[in-house]
Amino acid sequence: MPEIKKEIVILNLLLILLSVGTLAFAAWSVISDQFRAGTDDLFLLFVCLLLALLFALSPLMWAYQSGLLRNPLKRKAVQEDKTTEKASVATR
C-alpha cells in the first residue's frame, strides 16, 4: 500500500512540474519580443494555458480529496448552523 501512495505522489509532482513548465513557456512567449498578439501567438498562448490546466487538474483533485486543499467557495459551518436554526424556528 505505501508503494501505491508513493507512486501517486511522484505522478502528481510530475504533473505539477509539467503544469508549471507550460505556464512558464506561456509567460516566456508573452514576455519575449516575438509576441505580437496575432492569431498564431494567441493560439499558442491558449494551448499552453489549457495544457497547464489539464496537467494541474489531477493533482488539485487529489489534494482536495486528501484534505490538503479546501473549497474557498464553500460557506462555513457557522453560517449553515444559522440557516438550519432559522428553518427549525420557522417550522415550529
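The values are calculated or read from the model by the stated rules, or taken from the named source; none is laboratory data. All values reported here derive from a predicted model rather than from experimental measurement. Neighbour counts are summed over all protein chains in view; Cβ atoms, including those assigned to glycine, are modelled from backbone coordinates with ideal geometry.
Observations
- Residue in the range 50-65 that is of a type in the set (S, T, N, Q), out of contact with any Asp or Glu (no Cβ under 8 Å at 6 or more places or on another chain), surrounded by 12 or more Cβ atoms within 10 Å (Cβ to Cβ) and under 24 Å from Asn12 (Cα atoms) present: yes
- When the residues of the range 1-30 are filtered to those that are among the small types (Gly, Ala, Ser) and either modelled with pLDDT under 95 or outside any helix (DSSP H, G or I) (or both), the one that is nearest to Phe46 (Cα to Cα) is Ala26.
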